[in-house]
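Below is one structure, written out as structure tokens; comments come after it.
Every number in this text was worked out from the coordinates using simple rules, so none of it is lab data. Since this is a predicted model, take the numbers as computed values, not measurements.
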Amino acid sequence: MFIVLLKFSANKAQAPRLMQAHNDWIRRGFDQGVFLLTGSLQPNLGGSILAHKTSRAELEIRLREDPFVAESVVTTEILEVAPSRASEPLQFLLG
């Protein structure tokens with residue numbers, strides 16, 4: 001499982017122009033079963049993604065396809081998590 005941080009860069013002003021394409025990219029991640037959760041980093045620092053059912057190499061490729069990444073609106077940081085405990089609704093993450 002991975003936690004991805006998408007932190008705004010100096011090119012943040014380009015975000016509105018790319019927002020629809022970025023949202024389409026996020027939707028594909030959910031449709032393909034890779035993204036579990038997305039959200040904003042507060043206060044207005046960027047975004048985050050919880051991803052699973054993928055390898056780090058595949059995730060890196062997927063991230064390069066994000067228009068925000070491709071246009072240097074955000075920088076990425078990938079944190080790999082090896083889950084060892086989960087509440088009942090999240091047990092599927094342990095497999």
remark   = For the chain, averaging the sequence separation of alpha carbon pairs under 8 Å that lie six or more residues apart and dividing by its residue count, the contact order in percent is 44 percent
task = Would you please report the Å³ per residue occupied by the convex hull of the alpha carbon atoms in the chain?
result = 100 Å³
request  = Taking only Cα atoms and a 10 Å spring cutoff, compute GNM fluctuations for the chain and point out the largest among Gly29, Gly47, Gly39.
outcome  = Gly39
inquiry  = Cut-off 10 angstrom, C-alpha nodes, Gaussian network model of the chain. Which of Ile61, Ile78, Ile26 fluctuates the most?
reply    = Ile61
